[in-house]
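Heads up, the thing below is written out as structure tokens.
Nothing in this text is a laboratory measurement; each read-out follows from the coordinates by a stated rule. Nothing here was measured: the structure is a model prediction, and the numbers come from that model. Using ideal geometry, Cβ is built from the backbone for each residue, glycine included, and neighbour counts are taken over all protein chains shown.
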Amino acid sequence: MTIDIICPLYKAENYIKKLHDTLEMQKNVNIQNIRYIITKCKTDNTENIVKQLNCICTIIDKSEFSHSLTREEEAKKSKADIVVFITQDIKIKNNDWLYELTKSIESGECSACYSRQMCDNTTIEKYTRECNYPNISKIVSKDDIKKLGLNTFFYSDASSAIKRDIFEKLNYYDGKKLVISEDMYLAHKIIVNNYKIKYAAESIVWHSHKFSLKQVFLRYYDTGRFFKQNSYLYKYNVNKSGKSLARYILSRAIQEMNIPVILDFIPNMAARFLGMKLGKL
């Protein structure tokens, strides 16, 4: 099957060339196009760098960017069999990342896939990644909702793939301008329409941040807004997964005697809780 890779870019001049090189080194796949959407920034050289690469480039103003609509508009231009979404800040170290991400879609085992994410720092995010992205692959369907609740729709477009004709059939993101969690919005549509999603643990990317407490709060505030705007998600169990993640983070930090994480644990969890609660108001 042919593949189009879609990646939004903003102030990416320091790592876009390396990311592009790792996309081009992928083996046993048929990449039709690499499509970048660049949000303009006068102080950044991303546009000039990308124009020298073997790719398709779309330029938008900052006011036009949306996590959902920007991806949707670019996907509508694609004629490939599979659309792959990535974010600019992932690192790809293996030349089979894309094959492992798309092979189950090609075989008909599922309609969408997402990669395993690993973290190369020692912040809370390290343990979050460990908990959310284990080393064993799995496939979820509508039959798993009763057991998994909201986790049935866990899905990340930091590195994901979907069969393009199904994406089109589902009407993409319905033309909505989502501020965050566009991947969960799509995953819910995939599952409730009787398609399957695979977590492909063999498809590995490295994806790390070092968020301040303010940034953590704002991310969860936006997530709270997303849930308020998509209140049908309230019917799924969410508390159990959140508490389980918190317990895992603390136990792993204590196990490794990671003092910075132990000290940051309560303020970080408080920022998440307050951000989510206030975002829902």
task = Using amide H atoms built 1.01 Å from N in the peptide plane, name the residues 5+ places from Thr2, or on other chains, whose amide H lies under 5 Å from its own.
result = Asp81, Ile82
key: In sequence order, calculated HN-Hα J values of region 150-166 (Karplus, 6.51, -1.76, 1.60; Hz; x Gly/Pro)   = 4, 5, 4, 9, 5, 6, 10, 8, 4, 7, 9, 9, 8, 5, 5, 5, 6
ask   = What distance in nm separates the simple spin-label points at Lys40 and Cys57, each placed 7 Å from Cα in the Cβ direction?
value = 1.5
ask   = Taking the Cα centre of each part, how many Å lie between region 47-90 and region 175-253?
value = 22
message = With Rg and Dmax of the Cα atoms in Å as the read-out, I listed (1) 18.5, 51; (2) 21.2, 63; (3) 19.4, 69; which label goes with the value calculated from this structure?
response = (1)
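Counting Lys and Arg as +1 and Asp and Glu as -1, each charge on the Cβ, what is the dipole of region 211-281 about the Cα centre in debye, to the nearest 20?
My answer is approximately 360 debye.
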inquiry  = If I stretch the segment between Glu130 and Phe273 completely, what's the gain in nm (0.36 nm per residue apart, minus their alpha carbon distance), one decimal?
reply    = 49.4 nm
query = Cα-Cα over 20 Å: which of Lys146/Lys235; Lys11/Lys176; Lys62/Lys177; Lys214/Lys277; Lys126/Lys243?
reply = Lys11/Lys176
request  = Treat every Asp and Glu Cβ in the chain as -1 and every Lys and Arg Cβ as +1, leave all other atoms uncharged, and give the resulting dipole magnitude about the Cα centre to the nearest 20 debye.
outcome  = 940
query = Once the dipole of region 211-281 is set up with Lys and Arg at +1 and Asp and Glu at -1 on Cβ about the Cα centre, which of Tyr236, Leu278, Phe265 lies farthest towards its positive end?
reply = Tyr236
query = Along the Cα-to-C-beta direction of Tyr248, a point sits 7 Å from the Cα; which residues of region 77-101 have their amide N less than 14 Å from that point?
reply = none
inquiry  = Nearest 5 percent is fine: what portion of the DSSP beta bridges confined to the chain is antiparallel?
reply    = 35
task = Go ahead and set up a Gaussian network model of the chain, Cα springs under 10 Å, then flag whichever of Met184, Met25, Met257 fluctuates most.
result = Met257
ask   = Any idea how far apart Lys280 and Tyr232 come out in nm if each label point goes 7 Å out from Cα toward Cβ?
value = 1.9
ask   = Between Ala12 and residues 5 or more places away or on another chain, which pairs have amide H atoms under 5 Å apart, with H built 1.01 Å from N, and which residues are they?
value = Thr46
message = Give me the extension gain from Phe65 to Asp89: residue separation times 0.36 nm, minus the current Cα-Cα distance, reported in nm with one decimal.
response = 6.9 nm
request  = Quote to one decimal, in nm, the extra length available between Asn33 and Ser208 on full extension: 0.36 nm per residue of separation minus the C-alpha distance between them.
outcome  = 60.4 nm
When region 211-281 is reduced to its Cα atoms, the Kirkwood hydrodynamic radius in Å = 13.0
